[in-house]
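The values are calculated or read from the model by the stated rules, or taken from the named source; none is laboratory data. Given the structure is predicted, the values throughout are model-derived calculations rather than measurements. Note: ideal-geometry Cβ built from the backbone for every residue, glycine included; neighbour counts use all protein chains shown.
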Amino acid sequence: MAITATDLGVVYRSQRRGDTVALQHVDLRVAEGEFVTLIGPSGCGKSTLLHALGGLLAPTSGQVAVDDKPVTAPDPWRAAFIFQDYSLLPWKTILDNAAIGLRFAGRSRAERQAKAMEMLELVGLANFAKAYPHELSGGMQQRVAVARAMAMEPELLLMDEPFGALDEQTRQKLGDQMSRILTQNGKGVVMVTHSLDEAIFWADRIVVMSPRPGRIIREIVVDRPRPRDLDFIASDEFGEIRQELFRLISEPVEETAADATAPTGAVALRGGRG
Amino acid sequence: MSVATRPTAEEAPAAAPSPAPRERRRLSLDAKARLIQVAILLGLLVVWQVASWLGLIGSRFLPGPIELVGTAADVFSDGAVWGAVGKSGLAMLFAFVIGTALGIAVGFLFGLVQVLKDAFFPVVLFFMSTPKSIFIPLFLLLFGINQNAPIAFAAFATFFYVCVNVVGGVGLVQERHLRVVDAYRGKWWQRIVDVILPASAPGVFAGVWYGIKHAVFEVLIIELYISVGGIGALLQEYSYLFQTGRVLSLVLFVVIVSLLLGSLWNRLESRLERWKPEKTTDQSLDLY
Amino acid sequence: MKRGTRGYVALVWGLRVAALALLIGAWLFANGPGKVSTLLLPPLGKVLELFGQLVISGEFWGNLWITLYSMLIAFVSAAVVGTLVGFWAARGQLRARTIEPLAVWGYMAPLFLFYPLFLLWFGAGPESKITLAAVSTVFPIVYGSIRAFRSVDPIYLRVASAYGASRRQTDWLIKLRASLPMLASAFRVGAAYSITTVLAAEVLSSTGGLGYILAKASQLFNVSQAFAILIGIVLFVAVLQLALNRLFRQRHAAGVG
């Protein structure tokens, strides 16, 4: 199952502030099982793109399609969201939160509780099934959000800065766990992040976006088998990609196909678009 | 919702160091405060009684506390008094049910249909802070001098407070929680049951509490105005006969009951909102 | 239709006009074909005419003045006393914890029910209204001012002490200014409480004031007059609220220094 965005455009309309072009002429294809990270300066529309890919947001122009069928609404069985602020429902227990997609799909209580428990065990939170979100730390809540998404057994996970609200240590710990879970299950992932290290470490392919109005200015392939050890971070390849990314983000330049040069071991697939 | 890291089971808290064996046990701040409050109240009672004994305050003007207790015993052993209490109570109940039901219905209507809210909520807000008592003559004209007037008037007053609080409650609904329902493909009624209702619960609770308060209160006020039976009529009667002690007994009775109801309601709210990290301190101050 | 567009604003006003038209239409219908007794619902025209007469009559303004000054005396005394008590109570943890719940009780309790006693003690003149309103209002103001003075951000206090501010300087320059927004809010509530209490008391039993003329008119079954006075009172309250809201405006937290 591949998700394709074709000539995607999203414009936010407001009486007071006029129209804001969030995304412009975005073409993106996410292949099955591929891990793609979206990175770019603040306000570049990466979250907007993610929401559009998942059908949460209707594009103003262009379209999003799954295997050539246009996407008009969210379908958690196909692509499940994990939001930056976890957005667990505070009045539901951890178990009920994890089971929520199944509840909306009308599954029986027994079935959804069993599945939710299975997912909670996967993320190591089975003991907290009866607790409420406010009793859990940020990292734990994020794991519940992951369990919630995984319970749908989607082919694709859409993650919006999943580690954004966490401190460094929690981030690393959670990252380890996630790496294990994701690779085990062979899921495709589109992950929005503002951390260069995360963008490189996780991705098969890094999509770099320009500041608003958001366009894709570069795609960088990271040619290393997953899951990766932490010593990948210390490697030359990592360092070169990081430098390139840093350059791209801090001075967004118009890139053309001809200019795109590849750091060692990585191939830039596409150049900038006008 | 706060995302602050709380001491959780994940990070096991270190055991609190036990106090040194020789340390005196000091009273907590709250306990001290309580003691002082009790002392103040007792002190006032004593001053009051002494002033009464010394004849500084005429018994007609304000009977001393001991005499008051005796009077109260008289009052509350009188079947007629309880009959009046029952009569008022019934009117309060009806007023509460009608006013609160309407308030919740309209409150949710406003909360969910933005256009209606923008058009008419300011009017509701205005009337909420307008003294309702100026409408008493109107209601008496419309409903006549019988039990319907207190019920209608109190329901009318109650409605505004409930409505405003429910609208506030709906305002607590967060877009990001609704987004979860959308992202996980919940149907429209699941939006209501799984997000809107639980999120707006604090506002609805506050609304119901104000519903109780005002149903009780406005019935009493209109009863004070005109003789339709009930506690208000008794208060009028005792006042005309200069039976200050009786007036005081009845009033204190109502005051104590309403304070009790208040704390009961608080207790109930705490139980039903175990999922909240901290109790919402209700800041909306209401008016007559 | 999206909020903020001109079409939306038109819709909102359209709804309001429609509702008003409906009300007026219903009233006129009740007067005419509906044959509702004029004792219940006086003719709209008559009410408006009487209202016009009211506005130019000295009687209305004289009584309005009585209500207004009763409210002002009550409110100002409650505000002064309440703020001083609140300030004193806010200075110490123990004081605050002791006094604040007492203020809350006083505020929660339906003190208005003591009005019959106040009538006995002070008579039916404005004194009973003023004392009742003052006593009722003092509690929310004490409560509000304690919270206002205790919620001064400790950062400001630290800055003050780091720059060697004396106790008095800290009190005036920092605590007072930083607590102004919450104080303003408490005053707004207190003022509203005062006017409500005064009006309610006047309606129940009085020798003067707006509530008094309203009650008198309705007791004499002078229904049109009562309606007209009611409109006058509602307008008076609206104007007063506007003035109070402007006076105790919700300012942003005043900057320090």
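Consider the stretch C:147-182 and keep the residues that are in a helix (DSSP H, G or I) and within 14 Å of chain B (Cβ to nearest Cβ). The one that is farthest from C:Trp65 (Cα to Cα) is C:Arg150. Of the set (1) hydroxyl-bearing (Ser, Thr, Tyr); (2) loosely packed, with under 12 Cβ neighbours inside 10 Å; (3) more than 23 Å from C:Gln219 (Cβ to Cβ), all apply to C:Ser37 but (3). The residue that is surrounded by the most Cβ atoms within 10 Å (Cβ to Cβ), counting only those in the stretch C:127-144 that are touching a Ser or Thr at 6+ places or on another chain (Cβ under 9 Å), under 16 Å from C:Ala192 (Cα atoms) and not aliphatic (A, V, I, L, M), is C:Lys129.
Yes/no matrix, rows are residues, columns are (1) within 14 Å of chain B (Cβ to nearest Cβ); (2) in contact with a Lys or Arg (Cβ under 8 Å, 6 or more places away or on another chain):
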position	(1), (2)
C:Trp61	no, no
C:Phe75	yes, no
C:Ala89	yes, yes
C:Gln93	yes, no
C:Met108	yes, no
C:Leu119	yes, no
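Restricted to the stretch B:228-242, and to residues there that are free of Cβ contacts under 8 Å to residues at least 24 places away in the same chain and closer than 14 Å to C:Phe118 by Cα, the residue that is nearest to the chain's Cα centre (by Cα) is B:Leu235. When the residues of the stretch B:227-277 are filtered to those that are on the phi > 0 side of the Ramachandran plot and not in a helix (DSSP H, G or I), the one that is nearest to the other protein chains (Cβ to nearest Cβ) is B:Phe242.
Scanning the stretch B:170-192 for residues that are of a type in the set (A, V, I, L, M) and touching a Ser or Thr at 6+ places or on another chain (Cβ under 8 Å) turns up B:Val170, B:Leu172, B:Val173, B:Val180.
Every listed requirement among (1) under 16 Å from B:Tyr184 (Cα atoms); (2) touching a His at 6+ places or on another chain (Cβ under 8 Å) is met by A:Pro76 save one, (2). If you check C:Ser206, C:Ser179, C:Ser194 for being closer than 26 Å to C:Ile99 by Cβ, modelled with pLDDT of 90 or more and of a type in the set (Ser, Thr, Tyr), only one passes: C:Ser194. Within the stretch B:44-52, is there a residue that is within 11 Å of chain C (Cβ to nearest Cβ), touching a helix residue (DSSP H, G or I) at 6+ places or on another chain (Cβ under 9 Å) and modelled with pLDDT of 70 or more? So far as the stretch B:44-52 goes, no, none of its residues is within 11 Å of chain C (Cβ to nearest Cβ), touching a helix residue (DSSP H, G or I) at 6+ places or on another chain (Cβ under 9 Å) and modelled with pLDDT of 70 or more.
Taking the stretch B:111-147 as the range and being farther than 19 Å from C:Gln219 by Cβ, without any contact (Cβ under 8 Å) to a residue 40 or more places away in the chain and surrounded by fewer than 22 Cβ atoms within 10 Å (Cβ to Cβ) as the test, the residues that pass are B:Val113, B:Gln114, B:Val115, B:Leu116, B:Asp118, B:Ala119, B:Phe120, B:Pro122, B:Val123, B:Leu125, B:Phe126, B:Phe127. Does B:Trp189 fit the bill of being closer than 17 Å to B:Gly111 by Cα, out of contact with any Cys (no Cβ under 7 Å at 6 or more places or on another chain) and either within 11 Å of chain A (Cβ to nearest Cβ) or in a helix (DSSP H, G or I) (or both)? Here the answer is yes, as B:Trp189 does meet what is asked.
The requirement of being among the aromatic types (Phe, Trp, Tyr) and within 25 Å of B:Phe139 (Cα to Cα) is fulfilled nowhere in the stretch C:174-190; no residue meets it. Looking only at the stretch C:193-206, decide whether some residue is part of a helix (DSSP H, G or I), within 13 Å of chain B (Cβ to nearest Cβ) and closer than 27 Å to C:Val36 by Cα. Scanning the stretch C:193-206, I find at least one residue that is part of a helix (DSSP H, G or I), within 13 Å of chain B (Cβ to nearest Cβ) and closer than 27 Å to C:Val36 by Cα, so the answer is yes.
Looking only at the stretch A:107-135, count how many residues are surrounded by fewer than 18 Cβ atoms within 10 Å (Cβ to Cβ) and of a type in the set (Ser, Thr, Tyr). Qualifying residue count, the stretch A:107-135: 1. For the stretch B:168-182, the criterion of being in a helix (DSSP H, G or I) and away from chain A (no Cβ under 14 Å) is met by at least one residue.
Elements of the type helices (runs of 4 or more DSSP H) sitting completely within the stretch B:57-166 and holding at least 1 residues that are more than 12 Å from every other protein chain (Cβ to nearest Cβ), of a type in the set (Ser, Thr, Tyr) and under 23 Å from C:Lys216 (Cα atoms): there are none.
Residue by residue, here is whether (1) crowded, with 20+ Cβ neighbours inside 10 Å; (2) closer than 16 Å to B:Asn165 by Cα; (3) without any contact (Cβ under 8 Å) to a residue 60 or more places away in the chain holds:
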residue	(1), (2), (3)
B:Val47	no, no, yes
B:Gly64	no, no, yes
B:Trp82	no, no, yes
B:Ala91	yes, no, no
B:Leu102	no, yes, no
B:Leu109	no, yes, yes
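Candidates in the stretch C:207-228 are the residues that are at the interface with another protein chain (Cβ under 9 Å from one of its Cβ atoms) and aliphatic (A, V, I, L, M); of these, the one that is surrounded by the most Cβ atoms within 10 Å (Cβ to Cβ) is C:Leu214.
With respect to (1) surrounded by fewer than 21 Cβ atoms within 10 Å (Cβ to Cβ); (2) within 13 Å of another protein chain (Cβ to nearest Cβ); (3) free of Cβ contacts under 8 Å to residues at least 60 places away in the same chain, the lone exception for C:Ala124 is condition (3).
Does the stretch C:57-77 include one or more residues that are of a type outside the set (Ser, Thr, Tyr), closer than 30 Å to C:Tyr143 by Cα and over 29 Å from the mean Cα position of the chain (by Cα)? No: the stretch C:57-77 contains no residue that is of a type outside the set (Ser, Thr, Tyr), closer than 30 Å to C:Tyr143 by Cα and over 29 Å from the mean Cα position of the chain (by Cα). Which of the residues spanning the stretch B:199-220 are at the interface with chain A (Cβ under 9 Å from one of its Cβ atoms) and either in contact (Cβ under 8 Å) with a residue 60 or more places away in the chain or in contact with an Asp or Glu (Cβ under 7 Å, 6 or more places away or on another chain) (or both)? Within the stretch B:199-220, B:Ala201 is the sole residue that qualifies.
Residue by residue through the stretch C:84-133, note down the ones that are in a loop (DSSP other than H, G, I, E, B) and either on the phi > 0 side of the Ramachandran plot or acidic (Asp, Glu) (or both). Of everything in the stretch C:84-133, just one residue is in a loop (DSSP other than H, G, I, E, B) and either on the phi > 0 side of the Ramachandran plot or acidic (Asp, Glu) (or both), namely C:Gly123. As a summary of the residue check, A:Lys115 satisfies the conditions (1) basic (Lys, Arg); (2) away from chain B (no Cβ under 12 Å); (3) without any contact (Cβ under 8 Å) to a residue 24 or more places away in the chain except for the one numbered (3). Do we find a residue being surrounded by fewer than 22 Cβ atoms within 10 Å (Cβ to Cβ) and charged (D, E, K, R) anywhere in the stretch B:243-261? Checked against the condition, which is being surrounded by fewer than 22 Cβ atoms within 10 Å (Cβ to Cβ) and charged (D, E, K, R), the stretch B:243-261 yields no hits at all.
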